[in-house]
Amino acid sequence: MANLKSSKKDMRRSRRKSLVNKSVKSALKTYIKKVKVAAAVAAPDADAIQSALTLAVKALDKAAQNGTIHKNQAARRKSRIAKAANAAKAKLAA
């Protein structure tokens, strides 16, 4: 256990930030899952896939900007979900 007042404050701050980060990461997983589900079931229209993708990309960019995840991780995840979404859209078009 920390003895110094500043160390105790650091622990409180760390705990608070940890909870916020956990919440953001959980939300990211949900957004990504929505894109994958929309792409997997090949939603009846490409608009549903595109709107899910837009929300996910926005959330990933925001998380990277705030430092919750690394910018390269955000880029990698965006690339992967965009690839899945584009494949699903191509399947709809064909």
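The values are calculated or read from the model by the stated rules, or taken from the named source; none is laboratory data. Computed from a predicted structure; not experimentally measured. With ideal geometry, Cβ positions are generated from the backbone for all residues, glycine too; neighbour counts draw on all protein chains shown.
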Residue pairs qualifying under the 9 Å Cβ cut-off, at least six apart or on distinct chains, with the first in segment 81-92 being within 12 Å of Gln50 (Cβ to Cβ) and the second being of a type in the set (Ser, Thr, Tyr) and at pLDDT 90 or above, are Ile81/Tyr31
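Out of all the residues in segment 16-23, is one or more of a type in the set (Val, Ile, Thr) and surrounded by fewer than 18 Cβ atoms within 10 Å (Cβ to Cβ)? Talk me through it step by step, then tell me what you get.
Looking only at segment 16-23, we keep the residues that are of a type in the set (Val, Ile, Thr), and these are 20.
With the extra rule that they be surrounded by fewer than 18 Cβ atoms within 10 Å (Cβ to Cβ), the set shrinks to 20.
The answer is yes; a qualifying residue exists.
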Exactly one condition in (1) surrounded by 18 or more Cβ atoms within 10 Å (Cβ to Cβ); (2) assigned to a helix (DSSP H, G or I) is false for Lys58; which is it?
(1)
Scanning segment 1-20 for residues that are not small (Gly, Ala, Ser) and not in a helix (DSSP H, G or I), which turns out modelled with the highest pLDDT?
Leu4
Taking the condition of being in a helix (DSSP H, G or I), closer than 21 Å to Lys89 by Cα and either modelled with pLDDT of 95 or more or over 11 Å from the mean Cα position of the chain (by Cα) (or both), how many residues in segment 21-52 meet it?
16
Of the conditions (1) more than 18 Å from Lys25 (Cβ to Cβ); (2) of a type in the set (Gly, Ala, Ser); (3) within 11 Å of the chain's Cα centre (by Cα), Ala64 fails just one. Which one is it?
(1)
Every pair of residues 6+ apart whose Cβ atoms lie under 6 Å, when the first sits in segment 63-74 and is within 9 Å of Asn21 (Cα to Cα) while the second is of a type in the set (Lys, Arg) and part of a helix (DSSP H, G or I):
none
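Residue-by-condition table, conditions (1) surrounded by 15 or more Cβ atoms within 10 Å (Cβ to Cβ); (2) of a type in the set (A, V, I, L, M, F, W, C); (3) outside any helix (DSSP H, G or I):
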| site | (1), (2), (3) |
| --- | --- |
| Ala63 | yes, yes, no |
| Ile69 | yes, yes, yes |
| Ala88 | yes, yes, no |
| Leu92 | no, yes, no |
